[in-house]
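Just so it is clear, none of the values below were taken in a lab; they were calculated from the coordinates. Bear in mind the structure is a predicted one, so any value in this text is a computation, not a measurement. Backbone-built Cβ (ideal geometry, glycine too); neighbour counts: all protein chains shown.
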Amino acid sequence: MQEEFEVLKVTESKTDPVANTGNGAAPQAPSSSFIAVAIAFADPKYVRFESSLLLKFENKVKIEGDSAYYEGNAIGKVLERKDPSDIKVDTSYSIKYTGGYSKDGKTIYLDSRFPQSLNIEGKEISTIESIAKHHELPEKWMTEEGYTYQYAHMLATKIEREYVESLGINWELYSKEVEKGLHAVSSAKLEKSPKNLDLTPYVDSKDEETLKEIEQTMEK
C-alpha cells in the first residue's frame, strides 16, 4: 500500500560524468540524482530516498516498499526509514518547553506535570500522540537534518495540527488548552532533567537561564 509523504529537503547526490560512446556519436548529457527527505504527517514516518527528479519543498510523493513515486511514476529507492515503532515516551521528568527528546532520538520526553489527555468540546485527545509523537518526534528528525529548532518547530506544529484536525478537533480550542499547560510548566521550576536531553532547542533559542537550570537539575 502506498503512503503519502511531503518533501522537506532535497540535495544533489552526484552528477555522472559526460559519457562518450567512442563511435563518433554525440556525448550523452550528464545525469544527476538527488537525495530527498520526506515525512508522512498523519502517522509520522521519515524517509530518505534517492530521486531521479529534482523535487521541491512540499511536493507530495508516494512510498511503497522500497520505491518512491511522484505523480504515478517511479523516481527512486528508499535509503533510510524512521518511525515511532522503537520510540519510548517518558513522562517522568520535568521539561521546560513541555516536550523534548534524547540526543539519540530514541526517547521523547513529555513533562510529568503536563496533562496526558485534553478534553476539547467533549472529545478526548492524547497529548502523547499529539505532542510527543506528532510534534516532538518529527521535530527531532528535522533538527537532525540541520534545521534550526525554530524552523523545525514551525514544521512540527503543522504536523501536529493536521493530526489534531484529522480527529475532528478544533485547532484553536486545542491550542488554548495546550497553552494553559505550557504556561504552567514554563513558569515552574525544573525538578529533575534527563541526563541525555537534547539541548538543541535551548541552545538555538539562546535560553541561557533554562540551560543553567537544566544543568543544575540534570540527573547524575
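Here is how the numbers come out for the structure above:
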{"read-out": "Radius of gyration and Dmax over the Cα atoms of the stretch 79-176, both given in Å", "value": "13.3, 43"}
{"read-out": "Computed lengthening from GLU172 to SER33, 0.36 nm per intervening residue step minus Cα-Cα distance", "value": "45.9 nm"}
{"read-out": "Percent of beta bridges antiparallel (DSSP, the stretch 23-140, rounded to nearest 5)", "value": "90 percent"}
{"read-out": "The chain: C-alpha gyration tensor shape, a/c 1.5 cut-off, then a/b vs b/c", "value": "prolate"}
{"read-out": "Surrounding net charge for SER94, when Lys and Arg each add one and Asp and Glu each subtract one, Cβ distance under 12 Å", "value": "-1"}
{"read-out": "Separation in nanometres of the label points that stand 7 Å from Cα toward Cβ, at LEU54 and LYS192", "value": "5.3 nm"}
{"read-out": "Backbone N within the stretch 32-48 under 18 Å of label point (7 Å from GLU12 Cα along the Cβ vector)", "value": "32-37"}
{"read-out": "Most mobile of LEU110, LEU118, LEU197 in a GNM of the chain (Cα contacts under 10 Å)", "value": "LEU118"}
{"read-out": "Mean ellipticity per residue at 222 nm, deg cm²/dmol - from DSSP H runs of n ≥ 4 across the chain, formula -39500 (n - 2.57)", "value": "-8000 deg cm²/dmol"}
{"read-out": "Calculated FRET value between ARG113 and GLU71, using beta carbons and R₀ = 45 Å, to 0.05", "value": "0.45"}
{"read-out": "Alpha carbon centroid spacing (whole Å) that separates the stretch 150-202 from the stretch 84-137", "value": "8 Å"}
{"read-out": "Antiparallel DSSP beta bridges within the chain, as percent of all bridges there, nearest 5", "value": "90 percent"}
{"read-out": "Within the chain: Cβ-based charge dipole about Cα centre, in debye rounded to nearest 20 (Lys, Arg +1; Asp, Glu -1)", "value": "320 debye"}
{"read-out": "Approximate shape of the stretch 156-220 as ellipsoid semi-axes (Cα gyration tensor, √5λ), whole Å, largest first", "value": "29, 14, 11"}
{"read-out": "Chymotrypsin sites (Phe, Trp or Tyr not before Pro) restricted to DSSP loop in the stretch 168-220 with at most 16 other C-beta within 10 Å", "value": "none"}
{"read-out": "Relative contact order (percent, whole number), the chain, Cα cutoff 8 Å, 6+ residue spacing", "value": "16 percent"}
